[in-house]
Amino acid sequence: MKTTKFRQSRMILAAMIAFLLLSAMPALAAVEGLVCSAPTCNYDLTAKTDYISTADGGSVFMWGFAPNDTGIMQYPGPTLIVPEGATVNVTLTNELSVPVSIVFPGQTVSATAGGVPGLLTSEAMPGATVTYTLSNVTPGTFIYYSGTNPSLEVEMGLVGALIVRSATAGQAYDDAATAFDHEYLFFLSEVDSRIHDLVVRGKMDEVNNTDARPNYWFLNGRTAPDIMAPSYSQGGTWLPTQPYNCMPMMHPTETILLRLLGGGRASHPFHHHGNHALAVAREGRLLGAGAAQGELLFTQTVTPGKTTDATFTWSGENLGWDYFGHAPGDPAYPWETDHGVPVPVQIPDYKDLTIGPFWSGSPFMGVAGDLPPGTGGFNPNAGFFYMWHSHAEIEITNFDIFPGGMLTMMVVEHPDVMLMNP
Amino acid sequence: MVMDEGMLAHEFSAPTIKVKEGQDFYLSLTNVGMVIRPDLFDPHSVHWHGFPNAASVFDGEPMASATVNMGATFTYYYKAVIPGSYMYHCHVEAPEHMPMGMLGNLYMESATPNCAYNGAPETCFDVEYPIEIVAFDPRFHEADETIQPLPFAAMNDTYPMLNGRGYPDTVNPADIINKDGKLAQRVPALITATRGQRILLRISSLSTTSFHSLTVLGIPMRVVGKDARALNFPYNTNSVFLGGGESADVILDTSDPNILPGTYFLYVTNMEHLNNNAEEYGGMMTEIRLN
């Protein structure tokens, strides 16, 4: 196989260009949302209607929360990112034709103002406003959603994530086992578009909330492959009502924190190719002190209303061959276990292979191989890509079109490659 | 030769793969095409589900790797390092290829004889059985065979199975031959043991639609492993709950004097899955025969 090694000088040049590009843009947070770092955080959200797009070319009518800076309804609702111990005031203005509210499972609502009493919490009537005050919020990953007729309103999109940052930077919780280099949101949800079609045609009375049968499945409010497109703030402005993407990236031996939420009505087995992940917390609660209390799993069970925090790392250790393609005399990275060992099998000629778009043409990280014209192309740095997806495989489709739905591709890039989404 | 042997020789579930910790494992996949659907030129792959620190080249996921075309052979290489209960399947167009049958049991025995995991005495056993939850919708297969649009969202698995068989075929120890006289279902799910023995069930799910609870009537279940790792905190239960792509190791300790020789049942408590399509008293159920 003819291969092309990245030359160090080229890598440095690429890194410099990337740095210049990055410094010219606002900082890219790995988990995007409305970030507050003050002891008191004030959010103004508006419940309103709009449409989202699905990757098969469809559009779905939604109800959702709009942040007041853009005024655009979004699915899921804005991710509220606040510091541990903060007081959080969330003011909800209702532009829908039905009452609406917000519940915050796992946090204490110390006061409400301006609403009318509802079954689960204070509600905003159409045209009115309600304010919720959360006091002394505790760290972790939490969900929020409408507590008013939630079987319909959550399906319609009135749901989002609340992230409370630990006082210890770089950790999800006040425990060293939750330290991470990169963090990503995995907000799993699904939609039965028949329900949305009834609502938009004013036939809400005909909705039967007990026989929902989803036909679209979402990660962070998008269906694949839109999930891998740039987020709104990164330039993906053609999806204004779906601002969040999910494109996890890392280097070998780094750690990704997965913030997983079940934002719909169904459960999803979320399988992360590449390695196990250590579930360290559920529902914003540590499973116990230290890594030994976590659960090392290759599939995370994501159930409605439930959150999981899990840490994922990948070193490529003990593969039995050198995944950098080093010769025995080359310098080695400290974590290598099979330095200089060749791949023990012959990879067939590409004429015998169907080439995936993320296949670099070589088994080695950072080393691109020959590819036939018109193939590959989504992996310019020759990283190792892994599908992270619902293992209820029917959920990686968009209304019967495969592939799509609840899937993204995580990439482990060569240590010399600068991650574009740090 | 491989082409002659392989064509129309599909087995459901696929042959059980058992490797031992420390082995070099080479798996050659030859794509012999699909005689019944000559219009299809699909590549295929093997995904060792849950393999730790996987490299994309041998992961079998078709977007991130290269998959083998008709008439060619791809050899996967795995160094068997971390023992446990895994599973394998074709990852090409997984919502189609998996329920169409391209899946099977895969587990790695530990270097400690008769223990699922090293340094974990709770996982030691006398007899072990791989049990894989699978299921399919016959309407989907009919659509596939007759070249119709595939109804993914409407998939409704009315043939729920263990190891590719519905009860009572699960307890038939013989190979099951199809209407063309070919071996079609090789993997029974019958569990036999002598009273007093520890039975290890290596349970995995490759359902493409649903979560399942499996229960054992009359023998306590002790969950000692999950997703190919020994549990730090094993626990007793009467059921295990698995989504597609999850596995669990369960010990059935039959040494309790109250457990008498006889037949016990392992079955799904999603009761609608106790049928073979329209036929009742079937589906995802098998027997544990204690001598």
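Worth a mention:
- Residue match in region B:150-157 (condition: away from chain A (no Cβ under 14 Å), assigned to a loop (DSSP other than H, G, I, E, B) and free of Cβ contacts under 8 Å to residues at least 40 places away in the same chain): no
- Selection within region A:298-320 - under 23 Å from residue B:83 (Cβ atoms) and more than 7 Å from chain B (Cβ to nearest Cβ): A:300, A:310, A:311, A:312, A:313
- Residue selected from region A:288-329 under the condition surrounded by fewer than 19 Cβ atoms within 10 Å (Cβ to Cβ) and among the hydrophobic types (A, V, I, L, M, F, W, C), by the criterion farthest from residue B:230 (Cα to Cα): A:327
- Residue count, region A:150-202 (criterion: charged (D, E, K, R), under 20 Å from the mean Cα position of the chain (by Cα) and part of a loop (DSSP other than H, G, I, E, B)): 1
- Within region A:383-411, being facing chain B (nearest Cβ under 7 Å) and within 18 Å of residue B:47 (Cα to Cα) holds for A:384, A:385, A:386, A:387, A:391, A:392, A:393, A:394, A:396, A:409.
- Each residue in region B:37-62 was checked for being assigned to a loop (DSSP other than H, G, I, E, B) and at the interface with chain A (Cβ under 7 Å from one of its Cβ atoms), and 9 pass.
- Evaluation of residue A:212 against (1) assigned to a strand (DSSP E or B); (2) of a type in the set (A, V, I, L, M, F, W, C); (3) free of Cβ contacts under 8 Å to residues at least 60 places away in the same chain (one fails), failing number: (1)
- Candidates B:65, B:85: the one that is over 27 Å from residue B:200 (Cβ atoms) and either modelled with pLDDT of 95 or more or surrounded by fewer than 16 Cβ atoms within 10 Å (Cβ to Cβ) (or both) is B:65.
- The residue that is farthest from the other protein chains (Cβ to nearest Cβ), counting only those in region B:108-149 that are under 24 Å from residue A:190 (Cα atoms) and assigned to a loop (DSSP other than H, G, I, E, B), is B:137.
- Condition broken by residue A:254, with the remaining ones in (1) within 13 Å of chain B (Cβ to nearest Cβ); (2) more than 21 Å from residue A:143 (Cβ to Cβ) satisfied: (1)
- Meets criteria (buried (at least 20 other Cβ atoms within 10 Å of the Cβ) and more than 19 Å from residue B:241 (Cα to Cα)) for residue B:165: yes
- Region B:202-223, residues that are surrounded by 24 or more Cβ atoms within 10 Å (Cβ to Cβ), part of a strand (DSSP E or B) and touching an Asp or Glu at 6+ places or on another chain (Cβ under 9 Å): B:202, B:203, B:204, B:205
- Residue within region A:343-354 that is surrounded by fewer than 23 Cβ atoms within 10 Å (Cβ to Cβ), away from chain B (no Cβ under 11 Å) and farther than 30 Å from residue A:267 by Cα present: no
- Residue list for region A:388-422, filter: acidic (Asp, Glu) and either touching a residue at least 12 places away in the same chain (Cβ under 8 Å) or surrounded by fewer than 22 Cβ atoms within 10 Å (Cβ to Cβ) (or both): A:395, A:400, A:413, A:416
- Region A:264-287, residues that are more than 9 Å from every other protein chain (Cβ to nearest Cβ), buried (at least 22 other Cβ atoms within 10 Å of the Cβ) and of a type outside the set (A, V, I, L, M): A:264, A:272, A:284
- For region B:254-265, the condition holds for no residue, the condition being that it is within 14 Å of chain A (Cβ to nearest Cβ) and part of a strand (DSSP E or B).
- Members of region B:140-175 that are farther than 20 Å from residue B:273 by Cβ and either of a type in the set (Val, Ile, Thr) or within 16 Å of the chain's Cα centre (by Cα) (or both): B:146, B:147
- Within region B:247-291, tally of residues that are of a type in the set (D, E, K, R) and either closer than 15 Å to residue B:157 by Cα or buried (at least 21 other Cβ atoms within 10 Å of the Cβ) (or both): 4
- Only one entry of A:70, A:54 meets the criterion of being touching a strand residue (DSSP E or B) at 6+ places or on another chain (Cβ under 8 Å) and among the polar types (S, T, N, Q), and that entry is A:54.
- Residue within region A:361-380 that is hydrophobic (A, V, I, L, M, F, W, C), in contact with a Leu (Cβ under 9 Å, 6 or more places away or on another chain) and within 12 Å of another protein chain (Cβ to nearest Cβ) present: no
The values are calculated or read from the model by the stated rules, or taken from the named source; none is laboratory data. In this text, all values refer to a predicted model and were calculated from it rather than measured experimentally. Because the Cβ atoms are built from the backbone with ideal geometry, glycine has one as well, and the counts that use them run over all protein chains shown.
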